[in-house]
Amino acid sequence: MPDTSDAVAAPAREQRISRTFVALADSLVDDFDIAEFLDVLTERAVELLSVTAAGVILLAPDGRLEVLSSTSRRADLLEQFAVEINDGPCVECTRRGVPVTCADLEVEARRWPRFAAAARECGFRAAHALPMRLRKQTIGALSLLGAQPGSLEGDQLGLGQALADVATIAILQQRSIEHGDRLSSQLQTALNTRVVIEQAKGVLAQRAALSMDEAFALLRGHARARSQRLVDLATAVVANTADLDSITLPARPPTGRGEGRS
C-alpha cells in the first residue's frame with residue numbers, strides 16, 4: 001500500500017504557512033502593537049521551522065541592540081547575554097546584514113566562545129540568525145535556536161527569511177507613517193511592554209507554582225481567547241485588577257504537588 005503521509009503532510013504544512021502570513025498581515029491593523037506582532041512571528045517561526053526557540057533583536061537609533069521578543073525564558077536569557085557581550089550569531093547577523101548559521105555550537109565554539117558556553121548552559125546546541133532587512137537597511141535579526149545540533153535546509157532558510165522580510169516591511173511601514181521620534185518611541189514602547197509582561201508572568205508563576213514559560217503560555221492563551229491585547233491583560237495582572245483565578249486555575253497543581261517549581 002503506498003505511503004501517503006508525505007502527500008498529506010505537504011498540504012497541511014502549506015496551510016500552516018498560509019495561515020502564518022495571514023496572521024501576520026492581520027496584525028497590521030490601525031492599533032499596531034509591535035510586541036504582539038513579534039510574538040506571532042516568533043511563535044510561528046518555531047512551529048514552521050522545527051526549532052526549539054526563536055527571538056527577535058532590533059537595532060536602536062543609537063546603535064544599541066535590544067531583545068524585543070523570545071519564545072522562552074532560556075532563549076531570552078541567551079539573547080540578552082549575546083547583546084550584552086556584543087557577540088554571537090544574532091549580533092553578527094545584524095551587524096553584517098547576512099544570514100549566520102551554526103549547526104553545532106560545540107564544533108564552532110571558537111567562533112563565539114562566550115556565546116557557545118552560555119548556549120550550552122541554556123540548553124541550546126544550534127543557532128541561526130536571519131537578517132531583518134530591506135535593500136541595504138538592516139533593522140535587526142530573527143534568531144532561531146535548537147536544542148539539538150542541526151542545520152537549516154534550503155527550504156527552511158527560505159521560509160525563515162521570508163518571515164523575517166515580512167516583519168521588516170511591516171515594521172518599516174509602520175515607522176514611515178509617522179516622522180520624528182517614531183523609531184525611538186516604538187522601541188521604548190516595546191521595551192516597556194516587555195517589562196510589564198515579565199512582571200505579570202512573575203505574578204502568575206508565584207501564584208500557581210508555575211515556570212515563567214508556563215505562566216506566559218497561560219497569559220497569552222487567556223488574552224487570545226478573549227480577543228484582549230496581551231499588554232492590557234498583563235497590566236491588569238500587575239495592578240491586581242484581573243481575575244487571576246480565571247487565568248491560573250486550569251494550571252494549578254493538585255494539593256501537595258508542584259513544590260519546588262520556579
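Some values worked out for this structure:
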| read-out | value |
| --- | --- |
| Filter result for the condition that a residue is of a type in the set (A, V, I, L, M) and modelled with pLDDT under 80, over ALA223, ALA251, ALA234 | ALA251 |
| Residue, surrounded by the fewest Cβ atoms within 10 Å (Cβ to Cβ), within region 67-90, restricted to residues that are over 13 Å from the mean Cα position of the chain (by Cα), in a loop (DSSP other than H, G, I, E, B) and not acidic (Asp, Glu) | ASN86 |
| Residue match in region 57-66 (condition: closer than 18 Å to ALA162 by Cα and touching a Gly at 6+ places or on another chain (Cβ under 6 Å)) | yes |
| Hits in region 195-228 - residues which are surrounded by 15 or more Cβ atoms within 10 Å (Cβ to Cβ) and outside any helix (DSSP H, G or I) | ALA209, LEU210 |
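The values are calculated or read from the model by the stated rules, or taken from the named source; none is laboratory data. Note that the structure is a prediction, hence the values are computed from the model and not measured. Reconstructed Cβ throughout: ideal geometry from the backbone, glycine too, with neighbour counts over all protein chains shown.
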